[in-house]
Every structure is written in structure tokens, then in C-alpha cells.
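*Asks:* Have a look at this one.
The values are calculated or read from the model by the stated rules, or taken from the named source; none is laboratory data. Remember, it's a predicted structure, so these values are computed and weren't measured experimentally. With ideal geometry, Cβ positions are generated from the backbone for all residues, glycine too; neighbour counts draw on all protein chains shown. Surface accessibility is based on the protein's heavy atoms, side chains included, excluding ligands, DNA and RNA. Shrake-Rupley method; radii C 1.70, N 1.55, O 1.52, S 1.80 Å.
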Amino acid sequence: MTIIIDPQSSGIAGNMIIGAFVDLGADADELKEVMEKSAFEFGGVEVTFTKVSKHGIDSTFCHVEMLERDHSINFKDFQAKIKDLKLDERVIETSLRIFKRIAEAESEVHGKSLDEVHFHEVGAGDAVADVIGSVYAYYSLGYDNQTIIGLPIAVGGGRVKTAHGTIPVPAPAVVEILKDARIVGGPVDSELATPTGSAIYMELCDETIEFIPTVKPEKVGYGAGRKDFDHPNVLRIIETSDIAESDMIDVIETNLDHLTGEEIGYLFDVLLDAGASDVSITPIIMKKNRQGSLLKVISKRSNRENILNIMFKETGSLGIRITPNLHRGVAKREFETKTFNIEGKNYDVTFKIGYVNGKVISRRPEFEDLKRIAQDSGLALKKLREMIQ
């Protein structure tokens, strides 16, 4: 299963994440208790969940009301209090990483060390409730065992008043937190992405991409934002079932003009041994009419980094092109093993069988099996192939 966090239209905030998780099945009563108890040592909060309609979108609104606003604590003491909470160790550790992201962003923006950052800069009781609530719901739904994908975040625009004066939107801390993410301005003159929501997003997402990949949506949750706009102010989170990994490939390629034939042959074998699905070398004419070769590798996305590292190391290339998430038509495949008596000796041969719409379109013996039998029996490979068809 893949979980898609979609903040493309209305940004992201901690309470929106929690609302969407509740919409997807997290226990609201349990979350209320956990959030209020966790925030008690940080000024306290009161949490309520309500169903609301945002421009026709039925969604869950998580309202976190702070009970004490002038609460300040240095980051070291703050971490110690979080560690003392009576919660699952995974929830504590993940929450601490999220708060560290926020603290590091504030540290960078204000030119302070982490020891100098105070909790009124990191957040307050509502931030504790948002982070603990989001992480608790994340684990309760079993999402820690799933792939989490984040889509681009709408960050809003304009200016906003803060304790440090009027600052541009997105706020400097938000920009720091989202440095490795994809963001887009607008679609309204308002702050849409909060530091807390952004840090939760960055910690939970395994990757951030531009578009929804090829998946099958199964369940959708909507977490409502506090403000009302001319569009639905909701965060959408989608539960999906995955398309098989074999349906998703990367085509990775680079031009070669300085490797010998022996070196290219060696590279060919190394890439296949590293798990490449296919490797091809095509002669080409490069700039200045130089002869060269186009190295093209087909690989599963999960093996991308390994393949790239090998290509950089073995070729010395300064640039490698990737066509990611390329979807291809894949016939259903099955493997069948049969035993043949050849020259008085039994041999097992594995056949790869391809189906389309329930009909067999191909049935081919594996070459390595044929090669092994030919070497052992002394028969010609061509003759052997004819015998076992």
C-alpha cells in the first residue's frame, strides 16, 4: 500500500494532518486523550473533532485550543519532557525528530544554537498536541509499514504578522524545513504551510514527487483547515493499493566515448549482476562527429541509486539521464519446471510462460538451463532447443 499526502491546494498544518488521519479511521477519542495529556506540561490544550463541509468537501476538523499562551522553555528541557511522556517509544522518537527539524530551522533563521532556541520559537502546547497527535495516528493506522509519498505543498503568499514582526509567506522557518521538498506559491494571499505541518510532512514522507504515480485509490481522508477560502481548504490523504513493482521501471542512460570495448563489456556484466533488468549498448555519433556508445539500463525504481552509483563509478560520466516511473505493458508471467530425459540422463528445464487476457503468448525455456545441459551432454544448443520445445 502507498499513502499519498496531497497538500497541493491548501497547504499543510498539524491539525489538518490529524483530521485527515481521523477521516481515514484513527480513533478521535483516543487521539483527544493522548494530545491533551501530552500538551499538559507545555501550557495545556483542549482538543475537539467535528465534521465540517469545506465548499462541499466533507472533512474532519481538529480544533486545538491553547489554554496557556505565554509558555517558554529551552529546547534541551523541552526534549527531556517529551522523553518523559508515557507513550510508545516509536511515537516519542519520531516526534523528537520532528521537533528537531523545527528547532534547527528556527536556529538557522535566527542565528542561534539549538541550546539557545526556546520553545516559544519552536511552538507551544498546540505544536506538541499536533505533532504527538499526528505521529500517534500515523502508527495507529499502521502507516509506518507503508510507503508515504508527498505531493507539492501550496505555501500561500503575501505577508503575515509574527512575534518577530511582519514577514513574507512562506515564513523563513517553513522555507528552511521544506528545502528538499517541492513547493508552489498561492493559490491565496494567506499562510497555508505551517512550520509544524511542514516538519511532520518531511519526517513522514519517504519521498516527494510532482504527480500521483500509477496506483489504485482505495480510501480518501480530508482534514479541514481553520480558514475559509474560495476553494476547499482541506488536506487530502489517499490510501492506495500499489501497481506491481514490475510495472514501474526507470530508463537510465548516458553517452560513452572514452571506454574501451573490454571496459564496456565489463560494465555490461556488472550492471546485470547488480540487478539491472536489461542493459543495451548502441553505437552513436556524438558532437564533433566523435564515435561513441549509448548505454541504456532498465531498472526497477527500488534499485535506482545502486545502478546510478555503479554507472558513475565505472564510467566517470558527469551526467546520467533518468526517465523515472516509466510504465510499460507487462504480460502476466509464470515459471514452470519440466524434466526431460536427454541421452539417458534427466535434466530440469524452467520455462517462462507469458499470458495476455488468459491466453499463452509465449513459452520459452530459460537459456541458462539450455546452456548447462548443452555443456554437460555435449549436444549442440540448437539441437537441444529443438528437443525440448
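*Asks:* Quote the charge dipole size of segment 19-98 about the Cα centre in Debye, to the nearest 20; the model charges only the Cβ of Lys and Arg (+1) and of Asp and Glu (-1).
*Replies:* Computed charge dipole of segment 19-98: roughly 280 debye.
*Asks:* Also: Once you sort the root eigenvalues of the Cα gyration tensor of segment 65-221 as a ≥ b ≥ c, which label holds: rounded (a/c under 1.5), prolate (a/b larger than b/c) or oblate (the other case)?
*Replies:* Taking the square roots of the gyration eigenvalues as a ≥ b ≥ c, segment 65-221 is oblate.
*Asks:* Let me check I've understood the local charge: for GLU203, count other residues with C-beta under 9 angstrom from its C-beta, Lys and Arg +1, Asp and Glu -1. What total comes out?
*Replies:* +2
*Asks:* Between ASP273 and ILE167, what is the label-point separation in nm under the 7 Å Cα-to-beta-carbon projection?
*Replies:* 5.3 nm
*Asks:* Using unit Cβ charges (K, R positive; D, E negative) and no other charged atoms, how large, in debye to the nearest 20, is the dipole of segment 258-389 about its Cα centre?
*Replies:* Taking the Cα centre of segment 258-389 as origin, the dipole is about 720 debye.
*Asks:* With every protein chain kept in place and ligands, DNA and RNA left out, what is the accessible area per residue of segment 178-278? Probe 1.4 Å, answer in Å².
*Replies:* 49 Å²
*Asks:* For segment 34-141, would you read off the P(r) tail past 23 Å as a percentage of all alpha carbon pairs?
*Replies:* Every Cα pair in segment 34-141 considered, those over 23 Å come to 31 percent.
*Asks:* Using +1 at the Cβ of each Lys and Arg and -1 at the Cβ of each Asp and Glu in the chain, identify which of GLY261, ILE298, ALA374 lies farthest towards the dipole's positive end.
*Replies:* The Cα lying farthest towards the positive end belongs to ALA374.
*Asks:* Further, regarding this structure: Against the globular-protein guess of 2.2 N^0.38 Å, express the Cα radius of gyration of segment 246-389 as a ratio, rounded to two decimals.
*Replies:* Rounded to two decimals, the normalised Rg is 1.33.
*Asks:* By the scheme Lys and Arg +1, Asp and Glu -1, what is the net charge of all other residues having a beta-carbon under 12 Å from that of LEU308?
*Replies:* With Lys, Arg at +1 and Asp, Glu at -1, the neighbours total 0.
*Asks:* Next question. Return the FRET efficiency for the residue pair THR323, TYR266: r is the Cβ-Cβ distance, R0 is 25 Å, and the value is rounded to the nearest 0.05.
*Replies:* 0.50
*Asks:* Averaging sequence separations of C-alpha pairs under 8 Å and six or more residues apart, then dividing by the length of the chain, give the relative contact order as a whole percent.
*Replies:* Computed value for the chain: 18 percent relative contact order.
*Asks:* Related question: If R₀ is 30 angstrom, what is the calculated FRET efficiency for the pair LYS83 and ASP180, using the beta carbon separation as r and rounding to 0.05?
*Replies:* 0.65
*Asks:* Among 230-239, 59-68, what's the highest-first ranking by average C-beta atoms within 10 angstrom per residue?
*Replies:* Top of the packing list down: 230-239, 59-68.
*Asks:* For ASN145, what is the net charge nearby, where nearby means another residue's Cβ is under 12 Å from its Cβ and Lys, Arg count +1, Asp, Glu -1?
*Replies:* -1
*Asks:* Per residue, how large is the accessible surface of segment 107-173? Use a 1.4 angstrom probe and give square angstrom.
*Replies:* Ligands and nucleic acids excluded, the result is 40 Å² per residue.
*Asks:* Something else: On a full-extension model of 0.36 nm per residue, what is the gain between ASP144 and GLU305, subtracting their alpha-carbon distance, rounded to one decimal in nm?
*Replies:* 55.7 nm
*Asks:* With only alpha-carbon pairs counted, each pair once and no self-pairs, how large is the Kirkwood hydrodynamic radius of the chain in angstroms?
*Replies:* Computed over Cα pairs of the chain, the Kirkwood hydrodynamic radius comes out at 24.9 Å.
*Asks:* State the percentage of accessible surface on the chain attributable to carbon and sulfur atoms; use a 1.4 Å probe and exclude ligands, DNA and RNA.
*Replies:* The C+S portion of the solvent-accessible surface of the chain is 47 percent.
*Asks:* If packing is taken as the average number of other Cβ atoms within 10 Å across a peptide's residues, how do 279-292, 301-314 rank, most packed first?
*Replies:* 301-314, 279-292
*Asks:* Follow-up question, since we're still on this one. Taking 7 Å along the Cα-to-C-beta vector as the label spot, tell me the ILE353-SER280 distance in nanometres, rounded to one decimal.
*Replies:* 2.9 nm
*Asks:* Find how much the distance from HIS63 to GLU207 grows on full extension, using 0.36 nm per residue of separation minus their present alpha carbon separation; answer in nm with one decimal.
*Replies:* Answer, rounded to one decimal: 49.0 nm.
*Asks:* Of the options ILE82, PHE21, MET1, report the single residue whose Cα projects farthest towards the positive end of the charge dipole of the chain (beta-carbon charges: Lys, Arg +1; Asp, Glu -1).
*Replies:* The Cα lying farthest towards the positive end belongs to MET1.
*Asks:* Still on this structure: Determine the gain in length on full extension of the stretch HIS231-ASP29; use 0.36 nm per residue of separation and subtract their C-alpha separation, reporting nm with one decimal.
*Replies:* Contour length minus the Cα-Cα distance gives 69.8 nm.
*Asks:* Hey, for a label at LYS338 modelled as a point 7 Å past Cα toward Cβ, could you say which residues of segment 360-388 have their backbone N under 12 Å away?
*Replies:* 363-366, 386-388
*Asks:* Then there's this: Hey, rough spin-label estimate for GLN291 and LYS219, points 7 angstrom out along Cα→Cβ, what's it come to in nanometres?
*Replies:* My value for the distance between the label points is 6.1 nm.
*Asks:* Show which lysines lie in cross-link reach of LYS296 when reach means a straight Cα distance below 18 angstrom and same-chain residues fewer than eight apart are skipped.
*Replies:* LYS313
*Asks:* Magnitude of the Cβ-charge dipole of the chain, K/R +1 and D/E -1, about the Cα centre, nearest 20 debye?
*Replies:* 1860 debye
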